[in-house]
Amino acid sequence: MIAHVDRMLRHLLISGVAGIDAETQVRFQPPDDTWKQYVATLERDAVNVYLVELRENRGLRSVERTHRLVDGELRTGVPPRRADLHYLITAWSAAAVTPAVEPTVDEHDLLYRVAAVLCEAEPVVPKRVYGAAGLPADFPPALAEAELPAVVMPGEGFAKYAEFWGTMAGTHPWRPAIYLRLTIPVEFGTRATAVPATTVVTRVADEELITFGGTVVDAAGEPVPHARVRLERPDGTGIGAVESDEDGRYLFQGLAPGDYRVRASAAGLAERVVATRLPDHGDAYRLILT
């Protein structure tokens, strides 16, 4: 995940900062002696984006369970934790100091342009960052349109700034840096469970729209595929009908709250009719045909 974020930040700087137009000018390695030698051979201005640490954003932690309807299944789980990525971003000039050239001034100017691009981008939305270029083929779909909270140049600054430069080998005078905190989800991948859909309520403007579904099974509890499931009003007026899938699942969408009847039938099995009121989380949606 972090590798995708790194590449996204590189694309953001290349596409938005004047004078930065190549991947070689935006690197993520430690700003140590090796980095200084690299910039000298590059003979172009460069931006170092160094990930200093990761910390959990406790303010965004939640234990409330989430519910998502995916392919007829209600997938439940806990929201992902959030990690704050702490970056220190520094500007570097390859120019040598002469009476006519003061590289530090160029670095200050570059640092300002980087700060302006980062401020304009917050909150960071990957799909918006890549724009017309399009997302990389392997970019995580769940992250594509997510709004990633960003704090550019927080007022409290980076708490261990002097300690940070002191850990770099050789002689490294204090340099100005942009402190960036970018928050990303930490996906566990195994925390969600899938169950047959019951009821999901969404709100469009001031109107509630209900999606509900369930399974058709026989007396032994085995799913009944290709059963006809008809949704009716209490007076028997039909609203719609669907066919259960290979796992016996069915689904109805875009319904208003109220009273309904669910009628299921299949060849060789007795018809089953169940009355229900939506939204509801009862046993009405497990239709047993005997």
Computed log₁₀ I(q)/I(0) - Debye formula, equal Cα scatterers, no solvent, region 100-155, q 0.31 Å⁻¹:
-1.17
Going by amide H atoms built from the backbone, whose H comes under 5 Å of the H on Ala227, apart from near neighbours?
Ser244
May I ask you to evaluate 6.51 cos²θ - 1.76 cosθ + 1.60, the Karplus curve with θ = phi - 60°, for each residue of region 124-140 and list the ³J(HN,Hα) values in order in whole Hz, giving x for glycine and proline?
7, 10, x, 4, 6, 4, 6, x, 5, 5, x, 5, x, 4, 9, 5, x
Only counting other Cβ atoms within 10 Å, I'd like Met1, Met8 sorted with the fewest neighbours first.
Met1, Met8
The answer for Arg81, listing residues at least 5 apart or on another chain whose modeled amide H is closer than 5 Å to its amide H, is Val186
Provide, as a two-decimal number, the C-alpha radius of gyration of region 2-186 over 2.2 N^0.38 Å, N being how many residues it has.
1.17
Where Lys and Arg each count +1 and Asp and Glu each count -1, what net charge lies around Val262 among other residues with Cβ under 9 Å from its Cβ?
+3
In nanometres, what is the gap between the two model label sites at Glu246 and Arg286, each 7 Å from Cα along Cα-to-Cβ?
2.4
If you plug each phi of region 97-105 into the Karplus form 6.51 cos²θ - 1.76 cosθ + 1.60 with θ = phi - 60°, what whole-Hz ³J(HN,Hα) values come out, in order, with x for Gly and Pro?
6, 9, x, 9, 10, 10, x, 4, 5
Between Glu56 and Glu23, what is 0.36 nm times their sequence separation minus the Cα-Cα distance? Round to one decimal in nm.
8.9 nm
³J(HN,Hα) computed for each position of region 208-217 - Karplus, 6.51 cos²θ - 1.76 cosθ + 1.60, integer Hz, glycine/proline x:
8, 10, 10, 10, 9, x, x, 9, 9, 10
List Leu231, Leu9 from most exposed to least, where exposure is judged by having the fewest other Cβ atoms within 10 Å.
Leu231, Leu9
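Laboratory data are not the source of any read-out in this text; all were calculated from the coordinates shown. As the structure is a computational prediction, the values presented were derived from the model and not from experiment. Quick reminder, even Gly has a Cβ in these numbers, built from the backbone with ideal geometry, and neighbours come from all protein chains shown.
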